[in-house]
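Let me begin by presenting the structure, written as structure tokens, before commenting on it.
The values are calculated or read from the model by the stated rules, or taken from the named source; none is laboratory data. Every value quoted in this text rests on a predicted model; they were computed, and no experiment measured them. Here Cβ is always computed from backbone atoms with ideal geometry, including for glycine, and neighbour counts include all displayed protein chains.
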Amino acid sequence: MTTAQSPESVLESLGREAFNLKQRQSYFVTQRPRGDAQIFRLTTTRELASSFDEKNARNALTFSGLTPLEYSSGRVLPEGHVMWALNESVPLLQSLPLEEQEGSELILGYESDEFHTRNLKLTVTTTQTSEPSNPTKATFFRITRPSAVLEERDGLAAWFNGSAFDRLDNDIVVFNDRVDAISVDGYTFFMNVHNFVRAFQFVDQMKQAARETFDLVLADLQFEDRESFRRVATTDLTMITKMTSIQRKMEAYPRYREALKMESLLEFVDKNPYIEIEFDGEGSDRKFRFSNNPRARFKILKLLDDDYLRSNLTEFDYEVDSKGAPSGA
């Protein structure tokens, strides 16, 4: 269900209530390769819960002081901004209905034999304020690597007791101070886009969209090895982001769509040799040659994404926001 409040007002409220938010429950989220995510209850002492509350509050204040910008694949996050996505659009949140399961006794604990450290993905802390009628609720997400858990079987663990090192027979978990995402009132806010799309299961969606864009947009362009280019452009996350940007411009600007013709692209490259696009063939019969060399693999997509501050290909003037909306469209 779409939220009734603006992201600006939600962030403002989060900042006001930051130090009133208290832990309700914590979880580990695990996921096997190509498997479904699973949650495990993480029982904490009052002292640890209080430490979580303090760290969460400081993160909430940091987020609330930033300007919200709607998430879009391929969009660069400017300094001083935080990205947001509606919860209903975040794949992982749809498979982890934490609000529904919070009181369930069916959720297994960390001590369960089904919990495997190697599949560890996230630490989740649900919080709320103390108002009985209309409490503010916020969920804090920390990306948690398997290496955050030091288990006894990893070696001989020891701790310093003030005068000497003593054997430690229990597991140690190191939790990040920094929060990777905060979900509140229908929005999820985050600052590291790359980590977010991976941890919150956007990648499969993005790959499918990239395949559709490639087949639609590049259908009439000539390539020496189309399949090799397609395979890389629809699996590499950075290139997928470029594909998303191309599709967004195709849908928004008719002039951009017209510019992505083989004749126009060849003319543009001939007038701008610094772009250094490689071809096979001569004249109007040339075909794009894709190279997976790290220094060359992005050149074709940069061309198709009209990736220039002042574009002679489409005659658009771009502003910030990777490149944001052009003027003159």
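Determine whether the stretch 21-29 contains at least one residue that is within 21 Å of residue 175 (Cα to Cα), in the same structural domain as residue 141 (by TED's automatic domain parsing) and in a loop (DSSP other than H, G, I, E, B). Write out each step before concluding.
Step one: list which residues in the stretch 21-29 are within 21 Å of residue 175 (Cα to Cα), which gives 21-29.
If we keep only those that are in the same structural domain as residue 141 (by TED's automatic domain parsing) as well, we get 21-29.
Filter again for in a loop (DSSP other than H, G, I, E, B), leaving 21.
Checking the stretch 21-29: at least one residue is within 21 Å of residue 175 (Cα to Cα), in the same structural domain as residue 141 (by TED's automatic domain parsing) and in a loop (DSSP other than H, G, I, E, B).
Considering the stretch 94-146, the residues that are among the aliphatic types (A, V, I, L, M) and over 25 Å from the mean Cα position of the chain (by Cα) include one that is modelled with the lowest pLDDT, namely 106. Does the stretch 197-216 contain at least one residue that is under 30 Å from residue 61 (Cβ atoms), surrounded by fewer than 16 Cβ atoms within 10 Å (Cβ to Cβ), at pLDDT 90 or above and not β-branched (Val, Ile, Thr)? No, the stretch 197-216 contains no residue that is under 30 Å from residue 61 (Cβ atoms), surrounded by fewer than 16 Cβ atoms within 10 Å (Cβ to Cβ), at pLDDT 90 or above and not β-branched (Val, Ile, Thr). When you scan the stretch 266-277, do you find a residue that is modelled with pLDDT of 80 or more, under 32 Å from the mean Cα position of the chain (by Cα) and within 16 Å of residue 226 (Cβ to Cβ), even just one? Taking every residue of the stretch 266-277 in turn, at least one turns out to be modelled with pLDDT of 80 or more, under 32 Å from the mean Cα position of the chain (by Cα) and within 16 Å of residue 226 (Cβ to Cβ). The residue list 177, 204, 166, 215 contains one member that is in a strand (DSSP E or B) and among the acidic types (Asp, Glu), which is 166. What do you reckon, is residue 43 among the polar types (S, T, N, Q), surrounded by fewer than 16 Cβ atoms within 10 Å (Cβ to Cβ) and either at pLDDT below 90 or not assigned by TED's automatic domain parsing to the domain that holds residue 171 (or both)? So residue 43 fits the description; yes.
Within the stretch 281-299, is even one residue over 27 Å from residue 237 (Cα atoms), surrounded by 14 or more Cβ atoms within 10 Å (Cβ to Cβ) and of a type outside the set (Lys, Arg)? Within the stretch 281-299, none of the residues are over 27 Å from residue 237 (Cα atoms), surrounded by 14 or more Cβ atoms within 10 Å (Cβ to Cβ) and of a type outside the set (Lys, Arg).
With respect to the conditions (1) acidic (Asp, Glu); (2) touching a helix residue (DSSP H, G or I) at 6+ places or on another chain (Cβ under 6 Å); (3) under 23 Å from residue 306 (Cβ atoms), residue 220 falls short on a single one, namely (2). Checking each residue in the stretch 180-201 for being of a type in the set (Phe, Trp, Tyr) and assigned to a loop (DSSP other than H, G, I, E, B) picks out only 200. Filter the stretch 147-196 down to residues that are surrounded by 13 or more Cβ atoms within 10 Å (Cβ to Cβ) and of a type in the set (Gly, Ala, Ser) and give me whichever is farthest from residue 79 (Cα to Cα). Ranking the qualifying residues of the stretch 147-196, first place goes to 157. Pairing residues of the stretch 234-256 that are β-branched (Val, Ile, Thr) with residues that are not in a helix (DSSP H, G or I), at Cβ distances under 7 Å and at least 6 apart in sequence or on separate chains, gives 240/234; 241/73; 241/74; 244/73; 244/74; 246/305.
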